[in-house]
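Just so it is clear, none of the values below were taken in a lab; they were calculated from the coordinates. If you're wondering where the values come from, they're calculated on a predicted model, not measured in any experiment. Every residue, glycine as well, gets a Cβ built from its backbone with ideal geometry; the counts of neighbours run over all protein chains shown.
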Amino acid sequence: MAADMKRSTTRQRRLDQRPLDGQPVPAQPTASVDLPDSPKPEDPGPPVGSTAFARRDLFLYVLVVPILFLATCWNVFHTCERVWFSTFLLGDEHLVIDSMIRHRATSRVPAPVGLGQYGMHTESDYVILAADFQASKEPPAKFYLYRSHIGAQAYLFVLLDKLFHPNDFSLFHTLNALLLAAILGALVVWARAEFGWAAALSLLAAMLLSRWLIVFGRNMYWMSWTWWLPMVAVSVVFNRYRHGTRRFYAILFLSTGLLVFAKCSAGYEFTPTILIAAATPAVYYGLKVGRRWKSIVGDIVGIGCAGAAGFLAAVFLHALLLGPTLSGGFASIWSDARRRTYGNPSDFDPEFRESLEVSPLAVVNRYLWWDAVANAPFGMVPIPAAGPHVSPFVLYQNRVSSALAGFKYGRFLLLFAASGLVALCFWRTTVWDRSLGALLAAAAFSIAAPISWFVLGKGHSWIHFHIDWVVWHVPFVNLAVVFMAVLLFRMAAWMAGVMRAATIGVAHTSPWRWTKRTPAPRTRGLSRGRTPSGRRSQSRKR
């Protein structure tokens, strides 16, 4: 009786839902499910790095930037030897200082001046230059223009000198150190947002122990903060804009080209390194979200072309400034390029012969296996005997020098390669995930950044053996440190899980609990008893 009433009620409800004559039949909602074999166009998706600069990381950024600033501006942690830090590449800074002195003494417009110096200076002339700068007194020697590049440093610091009119150079040193600290601090915050505190603290420690990052930090000629700008700009674009849109590519290519142009205006050194570093975020973010290799390679090529356009624009402007004709300007630039790369030794002075005849493999081998500390021009200060007359800071400084002695980048490269192989052995466990794989690929890709400069600029690398070590840190060493720190931390957590499972017992905890599990397919939206096509299953009993 009850069953008959239920069937009649159901039949009456279906009759009530029938449409009247002349009215269209309403469409029945069906579950929308993508079949596995149906092709699906690639979705640009939301920005992939929205966590990189979250508000919760503002406190970390405010804490890290002053620490890096104190290290790069005043060497407060005594990472570098004191005399070497205070006299590092003063000959290059003399080009900027003499340009400001000439502008002060003659009150000329800085546009036709550029970089230059009054004769040849030594390190002992620094005090005399400081006095001439404070008194706005032009030295009696002749001013020689420096024509190897546009000389954007002169325009920048002459403008700042005209605005603030300081009494010494500390303002300009402070500005360079602060800008570098701000950029490196952003990298530390990125490491924390992507991989946690272990990665951030390890990266910060590596930066503070890097003599080359510290000693270049405040130099007015090199302006090392310009080396990192294209890479940071590309990372910001990948974080804030939707990949694949016109706005994304417009901002990406425009910012890359302008920042590479700004760097090349201040010197053509390390240009291949900076271009490869700028393309490194495309590798990381592309692999992190699982994009196709064709899309990742397209992003790399696009970033490289935009950077090359900025480089060529700087070369064209440089040729116009050299004059008197455009062809003469290009001829002068080409002569400088040949002298620093693969020119004919007979066309240049004998002092350049060895650098032009040396093999690129010999240059790479030199930067891989030579001692990065002992073969630098500063060396190590002899450790004095302990006593009341010895400053504790001097003892600490020598301990740091002793700890860093014998460091070779070739060994560090082998350590990174071994870490990568260990990580691949754990790819079936919770140690490995897509972010760690993307970081490994990005760090491996960034190895080409320093190697490219050693090969393409072999003449410069062979002669300037006291300078070019720094390209290892743009950005390979930093990414490798983050990768190895994350791997070590995750392996420790994995081993703790294994030990816990063994302690609790197999009956209580599965022995495969620390491995990854394939997530079950989602069935949300499917009606009960219906197949993905919306029809009722035939196996269901009526």
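Tell me whether the range 57-96 comes out rounded, prolate or oblate; compute the Cα gyration tensor, take square roots of the eigenvalues as a ≥ b ≥ c, and use a/c under 1.5 as the rounded threshold.
oblate
Taking a ≥ b ≥ c as the square roots of the eigenvalues of the Cα gyration tensor of the range 317-365, is the shape rounded (a/c under 1.5), prolate (a/b larger than b/c) or oblate?
prolate
Kindly state, to the nearest 0.05, the FRET efficiency for residue 62 paired with residue 422, given R0 = 41 Å and r defined as their beta-carbon distance.
Calculated transfer efficiency: 0.70.
Taking H as built 1.01 Å from N, whose amide H comes closer than 5 Å to the amide H of residue 116, not counting residues under 5 places away?
It is 99, 146, by chain and number.
Measure off 7 Å from each Cα along the Cα-to-Cβ vector at residue 145 and residue 499, then give the distance between these two points in nanometres to one decimal.
Reported label-point gap for residue 145 and residue 499 is 6.9 nm.
Once R0 is set to 22 Å, what does the formula 1/(1 + (r/R0)^6) return for the Cβ-Cβ distance between residue 136 and residue 174, expressed as a FRET efficiency to the nearest 0.05?
The computed FRET efficiency comes out at 0.55.
What distance in nm separates the simple spin-label points at residue 346 and residue 359, each placed 7 Å from Cα in the Cβ direction?
Rounded to a tenth, the inter-label distance reads 2.4 nm.
Using 0.36 nm times the number of residues separating residue 330 and residue 82, minus their current alpha carbon distance, what extension gain do you get?
Difference between extended and current length: 85.1 nm.
A 28 angstrom limit on the alpha carbon distance is what I want to check against. Which of 294/408; 162/458; 162/263 exceed it?
Beyond 28 Å between Cα atoms: 294/408; 162/458.
Could you check the spin-label model distance between residue 163 and residue 305? Points 7 Å from the Cα along Cα→Cβ, value in nm.
Rounded to a tenth, the inter-label distance reads 3.6 nm.
Taking 51 Å as R0, compute the FRET efficiency from the Cβ-Cβ separation of residue 415 and residue 294 and round it to 0.05. Don't skip to the end; give the middle numbers.
Numbers: r = 33 Å, r/R0 = 0.64.
Once rounded, the FRET efficiency stands at 0.95.
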